[in-house]
Structure formats: C-alpha cells, structure tokens
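I am attaching a structure below and will ask some questions about it afterwards.
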Amino acid sequence: MQNVLTFSLSIFLMVFTQQISVAQPIHQMPTLGYSYDALEPYIDGQTMEIHFSKHHQAYLTNLNKALNGTKAEKLPLELLLLGAERRGAAIRNNGGGHYNHTLFWSILSPNPEKSPSGKLADDIHKTFTSVDSLKKLLNNGASTRFGSGWVWLYVTPEKKLAVCSTPNQDNPIMDAAKENRGIPILGIDVWEHAYYLKYQNKRGDYLGAIWNVIDWSKVGMLYENALKDPLLKDIEKDDWTALKEFHLVMAQTFHPMEEGKLEPIKTRSGEMLEKAQILAKSKVPTTFKSDAITKALTDLVDGSAKLDKLIKKKGKDDKIKESLTKLHDTFHVIQGLCSDDH
C-alpha cells in the first residue's frame with residue numbers, strides 16, 4: 001500500500017511540475033548580476049532597485065499579459081520587436097521596455113572595461129575616428145532626445161556601426177525605427193526614472209557619469225554576436241516594403257485556395273500582378289542582390305500575368321489552382337534567397 005501511495009505521489013508531483021512549467025511565461029526577468037548599489041556613486045542603489053524591480057518588471061508583466069493566449073505568445077522577443085509597430089502599442093511599448101532594459105543591465109558593470117578593444121575598437125575608429133567622437137555622438141543624441149527615450153550604438157544590416165536615438169521604448173530592431181534599423185549593442189536609457197533621484201533634471205551629468213560603468217568588453221561581445229546574427233537579414237527583409245505587400249496578397253489568396261475558396265484570387269489577380277510588378281521594380285536590399293533573385297522576380301511577374309490572364313478568360317478551377325500554386329512556389333524561392341543561407 002505504501003509503494004502504491006509513493007508511486008501515486010510521484011506521478012502527481014511529476015504532472016504538477018509539468019503544469020507549472022507549462023504555465024511559466026516565455027519571457028522572464030534577467031539576472032542583474034550585481035547588487036543594486038554596486039554602480040555607486042555613478043548610479044545610486046535606490047534608483048537601480050526601483051528601475052529594475054519596478055519599472056522593468058512592469059514592462060515584463062504587461063508584455064506577458066498582452067501576449068497571453070495569442071499566436072505570438074511563443075515567439076522570440078526579437079521577432080516580436082521586428083514587427084512591433086504592426087503588433088500594437090502594448091507589445092511595442094512593453095516588449096521594447098523589456099528588451100531595452102535587459103540589454104542595458106548587461107553592459108553595466110561595477111568593474112568595467114573602460115575602453116573597447118579588438119574588432120570593435122578597430123571599427124569604431126574606422127567609422128567614428130575615435131572613441132571620444134563616438135561618445136560625443138551618443139551623448140548628443142541622448143541630450144537632444146526630447147522627453148523619454150534611448151540612444152543607441154547599433155549594427156546595420158550591412159554590418160556597419162551607426163548611432164541613433166529613439167523615443168519611448170522603441171529600438172533599432174523595430175519596424176517603427178524606419179531608416180535606423182539594426183541590432184543594438186549599446187544603449188543608454190534617458191527616461192527620467194533612470195537618473196532623476198540622483199541627478200534631478202541634470203541629464204548631462206548623468207550622461208557624463210554613466211561612461212564610468214559601461215563595460216566595453218560586454219559591448220564587444222554583443223558586437224561579435226550581432227555580426228553573425230540572422231536577425232540582421234530578417235531586419236533587412238522586413239524593410240523591403242514591396243516584398244511585404246506582395247506577401248500579404250499572396251497569403252490572403254493562397255491560403256483560402258487551400259481551403260477550396262477561389263473567390264479571393266479570382267477577384268484579386270489583377271492586384272497580385274500589380275504588386276508583383278512593383279516588387280520587381282523596387283530596390284533589392286544590398287545583401288540579397290544576385291542573378292538568382294533577379295530571375296525569380298522576373299518569374300514572379302510572368303507567373304502573376306499568366307494567372308491574371310487565366311482568370312480573366314474564366315479558366316478552369318484546377319488550372320487556376322495549379323497556376324497559383326506555381327506562383328506561390330516562385331515566391332518562396334525569393335523568400336529563400338533572402339534567408340540566412342544565401
């Protein structure tokens with residue numbers, strides 16, 4: 001009897017543990033890695049505690065709440081941010097708040113490496129002339145940011161270093177960043193809650209002090225990782241507006257066709273052709289330029305024209321399905337040529 005009870009209890013604990021694991025939200029608070037007062041006198045302990053345990057925690061809580069029960073719930077944070085503007089304010093603001101602060105904590109240290117080295121140092125000098133010039137650019141971007149926001153050193157899809165400033169909790173990964181897109185490797189928080197208890201309205205004093213706790217060795221590691229991150233290509237592809245617009249029409253006609261509904265493609269074949277022509281004439285992002293993608297874009301226009309002609313001549317349904325499926329395959333060739341394997 002005791003063995004049966006022991007076995008039953010084991011099963012119960014196993015199931016209960018699995019249920020707890022399943023219930024855990026995908027996105028979690030990072031480990032700070034140092035005590036709240038470790039960055040003093042440059043950032044005071046009370047500010048750090050409130051900033052981390054209240055402000056950052058609130059962003060995370062609200063992000064998980066916004067994602068709960070949605071299709072986006074299990075997406076990696078970077079992919080959520082990639083389309084943040086079109087996902088709505090709750091994900092844009094709270095997802096950005098979680099990502100931005102997680103990066104911020106990771107590059108701060110009570111014992112920082114105060115100068116960049118290796119490839120990061122070389123590329124800073126190539127791009128900005130000197131580390132001091134870079135710091136001046138970042139401080140200027142931070143001091144002139146009206147209201148709340150961030151200033152960033154980031155890696156562009158062309159694998160170049162660049163500086164920009166964003167409002168609120170936006171960052172360069174987001175579609176909201178428009179022309180300033182890439183992977184952040186250094187960010188400075190210029191929301192008042194990041195410095196007000198110690199520096200009050202003296203943002204410039206805060207910006208001068210924070211360089212004493214920014215760890216360039218961490219920034220260097222983030223740089224090396226960003227240079228080989230597939231996210232760079234994802235950002236570049238997401239910026240190709242004509243590709244996204246064609247994709248939307250394809251999705252809204254092909255998937256209904258799979259369910260036996262041909263009305264969407266029969267009424268939108270002309271639009272499909274127009275979007276294909278616009279895509280073929282659009283500027284192909286630098287990383288994706290190749291003879292193969294030029295040919296695929298030509299094939300896409302030809303296939304769209306044939307499908308449109310077939311529909312206007314009231315062709316048979318099986319022929320329309322065959323033509324749309326072939327066009328869908330051609331589009332996936334283009335998508336594949338924009339992947340990290342090419």
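How about region 115-131: which of its residues are of a type outside the set (Gly, Ala, Ser) and either under 24 Å from the mean Cα position of the chain (by Cα) or surrounded by 12 or more Cβ atoms within 10 Å (Cβ to Cβ) (or both)?
Matches in region 115-131: Pro116, Lys119, Leu120, Asp123, Ile124, His125, Thr127, Phe128, Val131.
Table: residues versus (1) touching a Pro at 6+ places or on another chain (Cβ under 7 Å); (2) β-branched (Val, Ile, Thr); (3) farther than 25 Å from Ile210 by Cβ; (4) at pLDDT 95 or above.
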| site | (1), (2), (3), (4) |
| --- | --- |
| Phe7 | no, no, yes, no |
| Ser10 | no, no, yes, no |
| Lys65 | no, no, yes, yes |
| Thr102 | yes, yes, no, yes |
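While we're on this one: Give all pairs with beta carbons closer than 6 Å in which a residue from region 220-237 that is within 10 Å of Pro157 (Cα to Cα) meets a residue that is surrounded by 16 or more Cβ atoms within 10 Å (Cβ to Cβ) and among the basic types (Lys, Arg); count only pairs at least 6 apart in sequence or on separate chains.
Close Cβ pairs (under 6 Å, with a partner that is surrounded by 16 or more Cβ atoms within 10 Å (Cβ to Cβ) and among the basic types (Lys, Arg)) amount to Ile235/Arg181.
For region 94-116, which positions are among the β-branched types (Val, Ile, Thr) and farther than 20 Å from Leu81 by Cα?
Ile107
OK, next. If we keep just the residues of region 27-64 that are crowded, with 16+ Cβ neighbours inside 10 Å and touching a Leu at 6+ places or on another chain (Cβ under 7 Å), which is nearest to Gln169 (Cα to Cα)?
Across region 27-64, the extreme among qualifying residues is Phe52.
Okay, residues lined up against (1) surrounded by fewer than 17 Cβ atoms within 10 Å (Cβ to Cβ); (2) on the phi < 0 side of the Ramachandran plot; (3) not hydrophobic (A, V, I, L, M, F, W, C):
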site	(1), (2), (3)
Leu243	no, yes, no
Ala251	yes, yes, no
Glu259	yes, yes, yes
Gly270	yes, yes, yes
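Which residues, taken from region 13-63, are part of a helix (DSSP H, G or I), modelled with pLDDT of 95 or more and of a type in the set (A, V, I, L, M)?
Met48, Ile50, Ala58, Leu60, Leu63
Is it true that Ile91 is in a helix (DSSP H, G or I), surrounded by 20 or more Cβ atoms within 10 Å (Cβ to Cβ) and either of a type in the set (D, E, K, R) or assigned by TED's automatic domain parsing to the domain that holds Gln57 (or both)?
yes
Considering (1) out of contact with any helix residue (DSSP H, G or I) (no Cβ under 7 Å at 6 or more places or on another chain); (2) touching a residue at least 12 places away in the same chain (Cβ under 8 Å); (3) not basic (Lys, Arg), say which one Tyr99 fails and leave the rest.
(1) is the only condition that Tyr99 fails.
Also, I was wondering about something else. Exactly one condition in (1) at pLDDT 95 or above; (2) in the same structural domain as Tyr206 (by TED's automatic domain parsing); (3) not aliphatic (A, V, I, L, M); (4) not in a helix (DSSP H, G or I) is false for Glu113; which is it?
So Glu113 meets the others, but not (2).
Return the residue satisfying two criteria in turn: it lies in region 299-329 and is under 32 Å from the mean Cα position of the chain (by Cα) and surrounded by 15 or more Cβ atoms within 10 Å (Cβ to Cβ), and of such residues it is nearest to Met257 (Cα to Cα).
For region 299-329, the residue satisfying everything is Leu324.
Take His332 and decide whether it is in the same structural domain as Phe254 (by TED's automatic domain parsing) and loosely packed, with under 15 Cβ neighbours inside 10 Å.
yes
Residue-wise test of (1) without any contact (Cβ under 8 Å) to a residue 24 or more places away in the chain; (2) over 20 Å from Asp318 (Cβ atoms).
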site	(1), (2)
Gln252	yes, yes
Met257	no, no
Lys266	no, no
Ala276	no, yes
Ala280	yes, yes
Ser290	no, yes
Leu297	no, yes
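The values are calculated or read from the model by the stated rules, or taken from the named source; none is laboratory data. No experiment lies behind these values; they were computed from the predicted model shown. Neighbour counts are summed over all protein chains in view; Cβ atoms, including those assigned to glycine, are modelled from backbone coordinates with ideal geometry.
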